[in-house]
1. Express in nm, to one decimal, how much length is gained between residue 44 and residue 87 on full extension, taking 0.36 nm for each residue of separation and deducting their alpha carbon distance.
2. For the chain, take the longest principal axis of its alpha carbons; what is the angle in degrees between that and the long axis of helix 73-95, to the nearest 10 within 0 to 90?
3. Once fully extended, how much extra length lies between residue 14 and residue 77, figured as 0.36 nm per residue of separation less the alpha-carbon to alpha-carbon distance?
4. Angle, helix 2-66 long axis vs. longest principal axis of the chain, Cα atoms, 0 to 90°, nearest 10?
5. Between residue 96 and residue 53, what is 0.36 nm times their sequence separation minus the Cα-Cα distance? Round to one decimal in nm.
6. Along the three principal axes, how long is segment 2-95 when you take its alpha carbons, biggest first, rounded to the nearest angstrom?
7. Helix-derived [θ] at 222 nm for the chain: sum -39500 (n - 2.57) over DSSP H runs of at least 4, divide by residue count, nearest 500?
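Please treat every number below as a calculation from the coordinates, not as lab data. This one's a predicted model, so the numbers in the text were calculated from it and none came from an experiment.
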Amino acid sequence: MSHIEDIVDSLENKISKVLHEIKLLKQTNLKLNEELERTKEKLQFKQLELSTWEDKYDTLKMANSMLGSDDNKRETKLKINALIRDIDYCIAQLSD
């Protein structure tokens, strides 16, 4: 009988350790999920910030080429022509 009791006690100890390990793993998983969410939010913010800076850069490039910079004149002319086509299209739509 004593041998069976020892086996049962050993099994209970192992089960207790496994349950404790599961609890620790759940806590770690929760912390990692929270950290992942924070990191995703930071990434979205950085992507938005990058997009804003890219828009500012494009605007600055266009302004520089309008001021006489030869580097981006062709690009600026193409953008102006595209804007004129858009305006003409809008006027045509309004005329109909």
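1. 12.1 nm
2. Taking Cα atoms only, the helix is inclined about 80 degrees.
3. Taking residue 14 through residue 77 to full extension adds about 15.1 nm, to one decimal.
4. Approximately 10 degrees, to the nearest ten.
5. Here the segment from residue 96 to residue 53 would lengthen by 11.6 nm.
6. If we take the Cα atoms of segment 2-95, the spans are 97, 37, 15 Å.
7. Result for the chain, helices only: -34000 deg cm²/dmol.
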